[in-house]
Protein chains: 2
Amino acid sequence: MSMDPKDTNRAAMRPALTRDRIVEAAIALVDESGPDALTMRAVAQRLGAGAMSLYRHVSGRDELLDLVLAAMAAEVVATPLTGDWRADLEAIARDVRASLLKRPHLTVLLTSRSGRGGAELPLLDRTLGVLRAAGFGRRGAVMANHALGNYVAGAALWEAVGLAGTTGAERAARRQAAADAVMALAPDQFPALAWVGPKLIAGSTDDRFEFGLACLLDGFAAYLARRLARA
Amino acid sequence: MSMDPKDTNRAAMRPALTRDRIVEAAIALVDESGPDALTMRAVAQRLGAGAMSLYRHVSGRDELLDLVLAAMAAEVVATPLTGDWRADLEAIARDVRASLLKRPHLTVLLTSRSGRGGAELPLLDRTLGVLRAAGFGRRGAVMANHALGNYVAGAALWEAVGLAGTTGAERAARRQAAADAVMALAPDQFPALAWVGPKLIAGSTDDRFEFGLACLLDGFAAYLARRLARA
DNA sequence: TCTGCGTGCGTACAACGTACGCTTGCGTAC
DNA sequence: GTACGCAAGCGTACGTTGTACGCACGCAGA
């Protein structure tokens, strides 16, 4: 009797709860329904489980968020390095940005949370390695890493916040509305804004990202040149 | 009887509720007790009022957050411009960073929220004006503005998250703990990390900010030089 | 004096995170 | 076969949150 397959009165006929399955469900939930949807009850329901069952595998909502962050960090692709430091740093920056923008809701959710888990350590090591090979000293490498990280994080966060309205059409409409609002301002109050005019929303966000990245790397190159000249 | 000063059975003997007073109380609350303390009930209590009274002046928590954001943006000091574009951009970047770091809790709270109010327009106009005078074209000015904004926002956010543990002593301890954790890693797993070693936390955050800022502005200068050469 | 009407607030409700303790089924010792 | 222990799952309950609803009061105009 105990082996009777009909004995499914328990909801036990399901893949069993694990940390990984919980994290996966949480990510899917946020992807579909936005950051506010990440509640313990919703995650549990998605797994066909009761809310309190999650606490057998996760110490609480906070830890779940940390695990989600770690899972995202682990997903950052590791483009093979070429040996050209500039190309390598560009690749790293683009990969990280792409990973963050793939899940804008989570990006917004997670930027207000430090790296409590060490999930970003491989990325950090990669970046520092490239900087070292490029000729940076220890101090310079640390500072350059921070500069690059700050820029990429800031850009991705800004874009992710703007992507909160999910659909592409809605995003375009919002951009246009913002531009119209700016255009409607008194030109004498904001002369520079009036000067740029519609160009304020011209160009893709990709282009903007690349511009800033190029400027930053130009700065790195200049620093390296000065450093080399001193030696 | 109605004019009897003893008629204070109502709690009406208080400065009266206004949007401004509510926003002010909210900011003070977050400053003192962290982002989680910003609840409608807590704000009301700080004003000696009932929770629902706030809703006469503010449509809800969301609008209150927007108002707080606007108040912070309005607080950014406007250092007089010198005419030297590089010095002016540096001053703007430092002012914004300083304003954000003055209230790290609020910075964390607000970065996940786009500028729904137009409070940052004066700043935007200022920056674009400097870029225009520096010789940027419309498109270039917009991109440079974004690059600078992304960097400053990213740096300030990152620092603000780290500053969540309020006291200076606690911050230092946390930094040291993080460094120790990194040092304890297997050097063969993270060779570049082992290479930088204790330098990972050397230097002030101010220095790091200045380094990235200088690199970015070097990149701007290079762009301007190329642009001038083409013309 | 009567009639609004804006301001403040008390109550109530749904949703949240989660502490506590019960049930249930399996692995092992006798 | 029987008893036991243990871990996984979950039901209930509590405190806290944002806020909808409607009442009470004091002052303006008739």
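Remarks
- Helix A:168-183 axis versus longest C-alpha principal axis of chain A: approximately 40°, rounded to the nearest ten.
- One quarter of the convex hull surface built on the alpha carbon atoms of segment B:43-132 amounts to 6.8 nm², the projected area averaged over directions.
- Two-site label geometry, A:Ala186 and A:Glu63: point separation in nm, points 7 Å out along Cα→Cβ: 5.9
- Extension gain for B:Ala28 to B:Arg139 (0.36 nm times residue separation, less C-alpha to C-alpha distance): 36.0 nm.
- Peptide B:129-141 has a mean shielding of 3, counted as Cβ atoms of other protein chains within 10 Å of each residue's Cβ.
- Average silhouette area of the protein assembly as shown, convex hull of alpha-carbon atoms, in square nanometres: 32.5
- Cα-based helix-to-principal-axis angle, B:19-33 vs chain B, degrees rounded to 10: 60
- Average projection area in nm² (convex hull over Cα atoms of chain B, one quarter of hull surface): 18.8
- Choice from B:Asp125, B:Asp206, B:Asp66 showing the highest fluctuation, given a GNM over chain B with Cα pairs closer than 10 Å: B:Asp206
- Angle between chain B longest axis and helix B:61-75 axis [Cα atoms, degrees, rounded to 10]: 60
- A Gaussian network model of chain A, with springs between Cα atoms under 10 Å, assigns the largest mean-square fluctuation among A:Pro35, A:Pro187, A:Pro122 to A:Pro187.
- Dividing the helix sum by the residues of the protein assembly as shown, where each DSSP H run of 4 or more adds -39500 (n - 2.57), gives a mean residue ellipticity at 222 nm of -21000 deg cm²/dmol.
- The modelled label-to-label distance between B:Asp206 and A:Ile201, using points 7 Å beyond Cα along the C-beta direction, is 4.1 nm.
Each reported figure results from applying straightforward, stated rules to the coordinates on display, with no laboratory input. Note that the coordinates shown come from a computational prediction; the quantities given were computed from them, not determined experimentally. Cβ: placed from backbone, ideal geometry, glycine included. Neighbour counts: every protein chain shown.
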